[in-house]
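Below is one structure, written out as structure tokens, with a few remarks after it.
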Amino acid sequence: MKLLIVDDSSLIRTRIAKVVESSPLRLMQIVGMARNGLEAVKLAQQFKPQVVTMDLTMPELDGIGTIRELMKLQPPPNILVVSALNDKSTAIAALKLGARGFLNKPFTDDELKMALLDVADLN
């Protein structure tokens, strides 16, 4: 199962990667890490990930715009929004566009593992 990690924070990208690589989630292959939505769309078109972790507030193309673009892929990826935004309307908009789950920052390693398992349908 291919995973694309999308976040403008290198700290968050690295943390998600470490959690994935050191748990039962290591069945997931990290195919890319994007700093913004434009990078994410290019990487997703190239690698066709089944799962994407998606920040909402990013430069160049925000998470909502990126989700809109990723949902055009066939098949569309399973998207887990990982965001510090406490704006419920933005979270609802992401879910309406097709995101499968939402995880608030800050999060624990276990919360991330459970959210990814849920979104990826691996449990």
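The values are calculated or read from the model by the stated rules, or taken from the named source; none is laboratory data. None of these values were measured; they are calculated from a predicted model. Cβ: placed from backbone, ideal geometry, glycine included. Neighbour counts: every protein chain shown.
Below is a table of values for the structure above.
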{"item": "In the stretch 16-30, residue nearest to the chain's Cα centre (by Cα) [restricted to those that are part of a helix (DSSP H, G or I) and within 16 Å of Val119 (Cβ to Cβ)]", "result": "Ile16"}
{"item": "Condition met for Pro59 (at pLDDT below 95 and under 24 Å from Lys88 (Cβ atoms))", "result": "yes"}
{"item": "Every residue from the stretch 31-53 that is over 20 Å from Ser9 (Cβ atoms) and over 14 Å from the mean Cα position of the chain (by Cα)", "result": "Gln45, Gln46, Phe47"}
{"item": "Any hit, the stretch 55-68, residues being in contact with a strand residue (DSSP E or B) (Cβ under 8 Å, 6 or more places away or on another chain), surrounded by 19 or more Cβ atoms within 10 Å (Cβ to Cβ) and either without any contact (Cβ under 8 Å) to a residue 24 or more places away in the chain or acidic (Asp, Glu) (or both)", "result": "yes"}
{"item": "Unique match (being modelled with pLDDT of 95 or more, buried (at least 20 other Cβ atoms within 10 Å of the Cβ), of a type in the set (A, V, I, L, M, F, W, C) and closer than 20 Å to Met1 by Cα) among Leu73, Leu80, Leu43", "result": "Leu80"}
{"item": "Among the candidates Arg35, Arg26, Arg13, residue that is surrounded by 17 or more Cβ atoms within 10 Å (Cβ to Cβ), charged (D, E, K, R) and out of contact with any strand residue (DSSP E or B) (no Cβ under 7 Å at 6 or more places or on another chain)", "result": "Arg35"}
{"item": "Ala120 buried (at least 19 other Cβ atoms within 10 Å of the Cβ), closer than 20 Å to Met1 by Cβ, of a type in the set (Gly, Ala, Ser) and at pLDDT 95 or above", "result": "no"}
{"item": "Test: residue in the stretch 52-61 that is touching a Pro at 6+ places or on another chain (Cβ under 7 Å) and of a type in the set (Val, Ile, Thr)", "result": "yes"}
{"item": "Residue count, the stretch 83-97 (criterion: surrounded by 13 or more Cβ atoms within 10 Å (Cβ to Cβ) and either more than 12 Å from the chain's Cα centre (by Cα) or within 15 Å of Pro24 (Cβ to Cβ) (or both))", "result": "7"}
{"item": "Residue under evaluation Ala115, criteria (1) among the small types (Gly, Ala, Ser); (2) more than 19 Å from Gln29 (Cα to Cα); (3) surrounded by 19 or more Cβ atoms within 10 Å (Cβ to Cβ), criterion not met", "result": "(2)"}
{"item": "Qualifying residue in the stretch 19-38 (condition: without any contact (Cβ under 8 Å) to a residue 40 or more places away in the chain, charged (D, E, K, R) and under 21 Å from Thr108 (Cα atoms))", "result": "yes"}
